[in-house]
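**Student:** Have a look at this one before I ask anything.
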Amino acid sequence: MRKSLLTLGLLAAASAPVMAADYSDGDIHKNDYKWMQFNLMGAFNEKGVTESTHDYLEMEFGGRSGIFDLYGYVDVFNLTSDPGSDKNGQEKIFMKFAPRMSLDGLTGKDLSFGPVQELYVSTLMEWGGNSGVNTQKVGLGSDVMVPWFGKVGLNLYGTYDSNNKDWNGFQISTNWFKPFYFFENGSFISYQGYIDYQFGMEEKYSTASNGGAMFNGIYWHSDRFAVGYGLKLYSDVYGFADGEDVPFIPGNDVQFESSGVGHYVAVTYKF
């Protein structure tokens, strides 16, 4: 049976009632749910190695099954294979999977304290192809109740770089989804986003020891559709020091463009 719009929005956003996870009755599947959507995206002035403006299609999904919590997406760039695209000749696909295993559900105990509602073994896997980002992260995750925002995901990882076959620093990540204005037809406007901040990166693998990004999105949601705009703030993202020469593009006068502001627009269909 299809969930109501509000229930779907709150579940997908992890905005749940102010109560700790309770698995003492042995029913670890009582909070199960799943969702999937396709996002047609436009990125403008995206930061990274260089600045990029491009289109992409994103399949985004998530849910809960027993002790496992999952979020992930698959991005496909330059949909028409336009030779004039900023993504021409680059990796076509990027994937991110972020499964978490509930320690409360695994032990059958209430591990909540203060604003912390649930604890997890948290992982994050990123694959960008042969020449792209390929990292695996593992650490401690949590769901935390924050005033006005409601339930917010907060995770701390250690980062393993598969390209370099070595550990390289840490990452702290948080995400939120806050419906804040509701229309009479049941649709609503939300403030949604995330922060990914890396630190402690080694000089032999990175030109900046720390850096990250913050996404701030304002989206309109209905049962089947969403339309939104996102403002993304970058600071030496991915460990690239803004303005320094790109060492892996020899013979070219190219500097990292890893700090500044990017803009994103999205049209979404929900399954």
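**Student:** Relative contact order (percent) for the chain, with alpha-carbon contacts under 8 angstrom and 6 or more residues of separation?
**Tutor:** 17 percent
**Student:** Something else now. Within the chain, which is the longest segment that contains none of the GluC sites (Glu not before Pro) sitting in a DSSP loop with at most 12 other Cβ atoms within 10 Å?
**Tutor:** Between the exposed loop sites, the longest stretch runs 1-183.
**Student:** Now, a different point. Would you mind pulling out the separation of the Cα centroids of region 26-46 and region 146-211, in Å?
**Tutor:** 15 Å
**Student:** Starting with the fewest neighbours, write out Thr268, Thr50 ranked by other beta-carbon atoms found within 10 Å of each beta-carbon.
**Tutor:** Thr50, Thr268
**Student:** Which of the trypsin sites (Lys or Arg not before Pro) found in region 219-271 are in a DSSP loop and have at most 11 neighbouring Cβ atoms, other than their own, within 10 Å?
**Tutor:** Taking region 219-271 and a limit of 11 other Cβ atoms within 10 Å, the loop trypsin sites (Lys or Arg not before Pro) found are Arg224.
**Student:** While we're here: Kindly flag which residue pairs out of Lys96/Lys178; Lys30/Lys87; Lys178/Lys204; Lys30/Lys92; Lys30/Lys165 have an alpha-carbon separation exceeding 32 Å in this structure.
**Tutor:** Lys30/Lys87; Lys178/Lys204; Lys30/Lys92; Lys30/Lys165
**Student:** I need the shape label for the chain. Rule: rounded when a/c is under 1.5, else prolate if a/b > b/c, else oblate, with a, b, c from the alpha carbon gyration tensor.
**Tutor:** Taking the square roots of the gyration eigenvalues as a ≥ b ≥ c, the chain is oblate.
**Student:** While we're on this one: For a quick size check, give me the Cα extents of region 67-210 along its three principal axes, largest first, whole Å.
**Tutor:** For region 67-210, the Cα spread along each principal axis is 48, 44, 27 Å.
**Student:** Moving on to the next point. Placing +1 on the Cβ of each Lys and Arg and -1 on the Cβ of each Asp and Glu in region 5-270, which of Met101, Gln255, Leu140 has its Cα farthest towards the positive end of the resulting dipole?
**Tutor:** Comparing the listed Cα positions along the dipole, Met101 ranks first.
**Student:** Can you sort Trp176, Trp167, Trp127 by how many other beta carbons sit within 10 Å, fewest first?
**Tutor:** Least crowded to most crowded, the residues run Trp167, Trp127, Trp176.
**Student:** Chymotrypsin sites (Phe, Trp or Tyr not before Pro) within region 180-262: which are DSSP loop residues with at most 15 other Cβ atoms inside 10 Å?
**Tutor:** Taking region 180-262 and a limit of 15 other Cβ atoms within 10 Å, the loop chymotrypsin sites (Phe, Trp or Tyr not before Pro) found are Phe183, Tyr205, Phe248.
Any read-out appearing in this document is the output of simple, stated calculations on the displayed coordinates, not a laboratory observation. Values in this document were obtained by computation on a predicted structure and should not be read as measured data. Cβ sites come from the backbone with ideal geometry, for glycine too, and all protein chains shown count toward neighbours.
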